[in-house]
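The values are calculated or read from the model by the stated rules, or taken from the named source; none is laboratory data. Quick caveat: nothing in here was measured; it's all calculated off a predicted structure. Cβ placement follows ideal geometry from the backbone for every residue including glycine, while neighbour counts extend to all protein chains displayed. Just so you know, the surface numbers come from the protein's heavy atoms only, side chains and all, with ligands and any DNA or RNA stripped out. Shrake-Rupley method; radii C 1.70, N 1.55, O 1.52, S 1.80 Å.
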Amino acid sequence: MGFADQDDIWLKDKLARAVDNMAEHNAAGYSSNALAFCDDGRTTLIHKAQPQKRWDFLFECAGPGSTFVLSNALISSIKDFLRHNPAKLSDIWLYDWFCYAYARGHAYTWFIDEYAGVQYRQHKVNCVGANQGIKAFMRRAKLVIDGSALRQALFLARLAGVDKDPFVQRLVGMRRRDMLYLAGNAWHCRRRMRDVGLFFCASVLMAFRGIDSIDETDH
């Protein structure tokens, strides 16, 4: 099954390439790079195909949802989970990020292709978009610094079935030493080197700024 946004453009070989790569890599999930384009003709490559890290699925997605292709086994497992946990739906920020986190947390193999098989349209009503420009950066930075992004990561950890892992449990209290621990594990949390550096700096800032702890009954 593949996700399709009505305003994006699939290249003709997008699905065939996804199926071939899933077979070659024995993967249940597939995503790829994408080419973001604006009405004024500007284009930007959204590069997501860096090597996967141990915990990247809690802190970033695997590409735009319109690049995703899921096996029957994986999509059936996701549908069954959501059918039995309908109350969780409203707290999921992004459906594609959830699917990636669920797959990785439940030990499904995921392949991220360097090929840009989708032209990803950018316009003023994009929910997230290509993260272009200082305004987009500042909007996301605020979610990180105030702890919102980390709370979502811990929520995804529960949905993905990894919330009892010692790494995740270490973060729930959001104490200063927990945020410094997160900074020390930045390499395991983001795929792109630049993002590892930003993640490290944000974690240190959260340690000294302080953020509210998470109520484990809501986690």
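Taking θ as phi - 60° and the Karplus parameters 6.51, -1.76 and 1.60, the scalar couplings of segment 168-180 work out to 5, 4, 5, 8, 4, x, 6, 7, 4, 5, 5, 5, 5 Hz in sequence order, x denoting glycine and proline. On the accessible surface of the chain, probed at 1.4 Å, how many percent belong to carbon and sulfur atoms? Answer for the chain is 55 percent, counting heavy atoms of protein chains only. In this structure, Met1 and Phe167 have a Cβ-Cβ separation that, at R0 = 30 Å, corresponds to a calculated FRET efficiency of about 0.45.
Listed values for segment 63-79 are Karplus-derived 3J(HN,Hα) couplings in whole Hz (6.51 cos²θ - 1.76 cosθ + 1.60, θ = phi - 60°), namely x, x, x, 5, 8, 6, 9, 10, 5, 4, 5, 5, 5, 5, 5, 5, 4, and x replaces Gly and Pro.
Accessible area per residue, 1.4 Å probe, Å², for the chain: what's the number? Kindly include the intermediate steps, with their values, before the conclusion.
Working: 11490 Å² over 219 residues.
Heavy-atom accessible area per residue stands at 52 Å².
Against the main long axis of the alpha-carbon atoms of the chain, helix 133-145 sits at an angle near 40°. The angle between the Cα long axis of helix 193-209 and the main principal axis of the chain comes to about 30°, on a 0 to 90 degree scale.
For the chain, what does -39500 (n - 2.57) per DSSP helix run (n ≥ 4), summed and divided by total residues, give at 222 nm, in deg cm²/dmol to the nearest 500? List each step's numbers first, then the result.
On the way: 9 runs with 94 residues, N = 219.
My calculation for the chain gives -13000 deg cm²/dmol from helical runs alone.
If you wrap a convex hull around the Cα atoms of segment 65-108, how much volume per residue is inside, in Å³? Dividing the Cα hull volume of segment 65-108 by its residue count gives 73 Å³.
Kindly work out what percent of the DSSP beta bridges joining two residues of the chain are antiparallel, to the nearest 5. Each step should come with its number before you reach the end.
Numbers: 9 of 17 bridges.
Here the share of antiparallel DSSP bridges comes out near 55 percent.
So, counting K/R as plus one and D/E as minus one, what does the shell of residues with Cβ under 13 Å around Asp20 add up to?
Values: positive: Lys14, Arg17; negative: Asp13, Glu24, Asp113.
Around Asp20, the surrounding residues sum to -1.
Using a Förster distance of 41 angstrom, determine the FRET efficiency expected from the C-beta separation of Arg175 and Ser76, and round it to 0.05.
On the way: r = 40 Å, r/R0 = 0.96.
Efficiency, rounded to the nearest 0.05: 0.55.
With everything on Cα atoms, drop me the angle between helix 14-24 and the longest principal axis of the chain, reported from 0 to 90° to the nearest 10. With rounding to tens, the tilt is 70 degrees. For segment 55-124, trypsin sites (Lys or Arg not before Pro) are listed when DSSP marks them as loop and at most 15 other Cβ atoms sit within 10 Å of their Cβ; the list is Lys124. Considering only Glu114, Glu24, Glu60, the Gaussian network model of the chain with Cα springs below 10 Å gives its largest mean-square fluctuation to Glu24. For segment 141-198, the Kirkwood hydrodynamic radius comes to 12.0 Å, computed from all pairs of different C-alpha atoms. Normalised Debye scattering of the chain at q = 0.18 Å⁻¹ gives log10 I(q)/I(0) of -1.42, counting only Cα atoms as equal scatterers and leaving out solvent. The solvent-accessible area of His25, taken with every protein chain present and a 1.4 Å probe, is close to 80 Å².
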